[in-house]
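Asks: Provided herewith is a single structure, encoded as structure tokens, for subsequent inquiry.
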Amino acid sequence: MAGLMPTIQEIGGTFALLIFYGFLIAYGAGATTFANYVGPVLLSIVVSWAIYRMVLANRYTLWSPLLWYRIGVVGYLGIGSLITLFLNDETRAMLASFFDYYPRDVLKFNIVVAVFHATLLVFVAGIVGPLRARSLSRQTLKFISPCNLTTETIGFTFLGIGTVINYFLIYPASLEIIQFTLPNIIVQLGQFAYVGYFLVGYWALRNNRRRWFWLIFALTVIDSIVGIIQLSKYAAIFPALMLPIAYLYHKVTFRRLLLIVGILVPYYFLVADIVTEARGLVTRSETGRAVLSETLQALNARAAGVEQTRPNDPDYQIGWARLSYVNAGSFAISLYDQGIPGDTLRDIFIVWIPRIVYPDKPIITDIGRDFTFRANGNYNSSTSPSIPAEGYWTFGWLGVALFSALMAPVLALWSIYNVVALQRESWHLLLVVALGLRTGSRIDGMLVPDIIGPISAAVVLHLMLYFANRLLPPRTDA
């Protein structure tokens, strides 16, 4: 479990940041702007160093929720907070239309984030520390067994199933070639392909099978294009992560890490900019999907370098603005301070109950719609204030500690699960591992639907894949 235990340097650096904020608050209002410039930078440096240390210490942590939680903290709550100070007037006005925050609001949001991160690190250390001292042998965690198929076989199995579903069902439905709505289970099975991308890519690199590596690259490009046509950042970006992870997993070096960051970060901003611009130019069908013909027209115009804007459209810096949760987080903090606390834990005891058992089960994700409605009266959009600000909105400073206490065991135990699964080459469990990666990155989401909710799916997936693997004869290769 090397790399999972928070270091004294990271914990100490985060608490030092809190002391820094305390000194500047004592200094007076004149230091607020300085704190808002320096604080997010210090947080980003401390957490980025922890990410770097994790990857070099243990390549298996590439799939750990704790790593992707830190990536989310740097992107959304570190850089995302800092960039609000550099946005142009049009973009600043767009963010202020949700909630018109001021420097003191930004400072409080930054302090809430630092308190949340410091508290979560303490809880994670309290969980990982005792477990790290134990010998995690195959006798202690028997439910994580090695895959009875070789990397090549299981990789191509996942790839084949997922690719067939994507190319014959999901993509034709997205492109309106077939005119029916696919069940969600079919959409989820399509993600088998992404697991296959990692496994086949890693196998190809390990065995110098370059043609297979480039085939996966080509499939990734197609997936990303379809994701953009769907106007879904997740569908465009998530498949593109698999091959870089396989590349770094094959051999962890500082040069490879820089190369991946240098490719993926600009790619994220490109996709965010294209998708957000296109969303603003197309109408929606009765089912809520973007009209395909208008989407293709907008994307073709963008590819041809033609600026498609409505008359008098402002010059929004959409890619950067999408990183910032200052406006939504500040609004949530303000609500609690005005005596209007949130009720975001209302569904925590029913989130795992299947809808087939509880037909009248509330829609868990409506929390985000309720939050948006409070801000601007729009119930057709869903917004999150980020989990640290959500905790404050619910119970104030006690809520920040409570939400970190609830999130820490999910990230810590799931990270241990993922690391052990990869160490043992439990490739059949990679769907559970990938779900943990996505869950860990959702610091920009909300606690119940995005962190607590996926646990039930992970348990069901694990049981299905575990027993499926037991039906196979054991591997005979070394």
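The values are calculated or read from the model by the stated rules, or taken from the named source; none is laboratory data. In this text, all values refer to a predicted model and were calculated from it rather than measured experimentally. Counting neighbours? That spans all protein chains shown, and the Cβs are built from the backbone with ideal geometry, glycine included. These accessible areas exclude ligands, DNA and RNA; they are computed on the full protein's heavy atoms, side chains included. Shrake-Rupley method; radii C 1.70, N 1.55, O 1.52, S 1.80 Å.
Asks: Scaled to the compact-protein estimate 2.2 N^0.38 Å, what is the alpha-carbon radius of gyration of the range 35-146, rounded to two decimal places?
Replies: It is 1.40.
Asks: What is the distance in Å between the Cα centres of the range 145-207 and the range 99-113?
Replies: Rounded to whole Å, the Cα centres lie 43 Å apart.
Asks: Working from the pairwise distances between different alpha carbons, so that the mean of 1/r is found and then inverted, what is the range 395-478's Kirkwood radius in Å?
Replies: That comes to 14.2 Å for the range 395-478.
Asks: Same structure again: Projecting each Cα onto the charge dipole of the chain (Lys/Arg +1, Asp/Glu -1 at the beta carbon, about the Cα centre), which of Phe238, Ile25, Val400 comes out farthest on the positive side?
Replies: About the Cα centre, the residue reaching furthest to the positive side is Phe238.
Asks: Next up: Kirkwood Rh, the range 321-364, all Cα pairs: how many Å? Provide the component values of the computation, followed by the final result.
Replies: On the way: mean 1/r = 0.0770 Å⁻¹.
Taking every pair of different Cα atoms in the range 321-364, averaging 1/r and inverting gives 13.0 Å.
Asks: Could you tell me the center-to-center distance, by alpha carbons, between the range 1-52 and the range 389-432 in angstrom?
Replies: 22
Asks: Taking a quarter of the surface of the convex hull around the Cα atoms of the chain, what do you get in nm²?
Replies: Numbers: hull surface 96.6 nm².
Computed as one quarter of the Cα hull surface, the answer is 24.2 nm².
Asks: So, for the chain, what is the accessible surface per residue at a probe of 1.4 Å, expressed in square angstrom?
Replies: Working: 22130 Å² over 478 residues.
Solvent-accessible surface per residue comes out at 46 Å².
Asks: Still on this structure, I have one more. Is the range 164-289 best put as rounded, prolate or oblate by its Cα gyration tensor, with a ≥ b ≥ c the root eigenvalues, rounded for a/c under 1.5, and otherwise prolate when a/b is larger than b/c, oblate when not?
Replies: oblate
Asks: Between rounded, prolate and oblate, where does the range 337-457 land on the alpha carbon gyration tensor, with a ≥ b ≥ c its root eigenvalues, rounded for a/c under 1.5, else prolate if a/b exceeds b/c? Intermediate results must be reported in sequence, preceding the final value.
Replies: Working: a/c = 2.27, a/b = 1.61, b/c = 1.42.
Taking the square roots of the gyration eigenvalues as a ≥ b ≥ c, the range 337-457 is prolate.
Asks: Name the chymotrypsin sites (Phe, Trp or Tyr not before Pro) in the range 74-111 that are in a loop by DSSP and that have at most 14 other C-beta atoms within 10 Å, would you?
Replies: Working: sites: Tyr76, Phe86, Phe98, Phe99, Tyr101, Phe109; in loops: Phe86, Phe98, Phe99, Tyr101.
For chymotrypsin sites (Phe, Trp or Tyr not before Pro) across the range 74-111 that sit outside H, G, I, E and B with at most 14 neighbouring Cβ atoms in 10 Å, the list reads Phe86.
Asks: Defining a contact as two alpha carbons under 8 Å apart and six or more residues distant in sequence, what relative contact order in percent does the range 103-233 show?
Replies: Numbers: 77 pairs, mean separation 28.2, N = 131.
Once divided by the residue count of the range 103-233, the mean separation gives 22 percent.
Asks: What is the sum of charges around Met242, taking Lys and Arg as +1, Asp and Glu as -1, for the other residues whose C-beta is under 14 Å from the C-beta of Met242? Walk me through the intermediate numbers first.
Replies: Details: positive: Arg438; negative: Asp223.
My count for the surroundings of Met242 gives 0.
Asks: Taking the Cα centre of the chain as origin and charging only Cβ (+1 Lys, Arg; -1 Asp, Glu), how large is the dipole, in debye to the nearest 20? Walk me through the numbers on the way to the answer.
Replies: Details: 34 positive and 26 negative charges, 375 e Å.
For the chain, the charge dipole is close to 1800 debye.
Asks: Hey, could you get me the Stokes-Einstein D for the range 87-245, Kirkwood radius over alpha-carbon pairs, 37 °C and 0.692 mPa s, rounded to whole µm² s⁻¹? Each step should come with its number before you reach the end.
Replies: Values: Rh = 19.9 Å.
Estimated diffusion coefficient is 165 µm²/s.
Asks: Filter the chain for me: DSSP H helices, axial length by Cα at least 30 angstrom, mean Kyte-Doolittle hydropathy not below 1.6. List them by residue number.
Replies: Qualifying helices: 397-423.
Asks: With +1 assigned to the C-beta of every Lys and Arg and -1 to the C-beta of every Asp and Glu, and no other charges, what is the dipole magnitude of the range 36-177 about the Cα centre in debye, to the nearest 20? Numbers along the way, then the final one.
Replies: Values: 10 positive and 6 negative charges, 184 e Å.
Result for the range 36-177 is approximately 880 debye, rounded to the nearest 20.
Asks: Next question, about the same structure. Suppose each label sits 7 Å from its Cα in the direction of the beta carbon; what would the Thr7-Val187 distance come out to in nanometres?
Replies: 4.1
Asks: How about the range 126-232: which chymotrypsin sites (Phe, Trp or Tyr not before Pro) there are in a DSSP loop, with at most 12 other Cβ atoms within 10 Å of their Cβ?
Replies: Working: sites: Phe143, Phe156, Phe158, Tyr167, Phe168, Phe180, Phe192, Tyr194, Tyr197, Phe198, Tyr202, Trp203, Trp212, Phe213, Trp214, Phe217; in loops: Phe143, Phe180.
Passing both the DSSP loop test and the Cβ count: Phe143, Phe180.
Asks: Taking the radius of gyration and the Kirkwood hydrodynamic radius from Cα positions alone, what is the Rg/Rh ratio for the range 153-221, to two decimal places?
Replies: Working: Rg = 13.2 Å, Rh = 12.5 Å.
Result for the range 153-221 is an Rg/Rh of 1.06.
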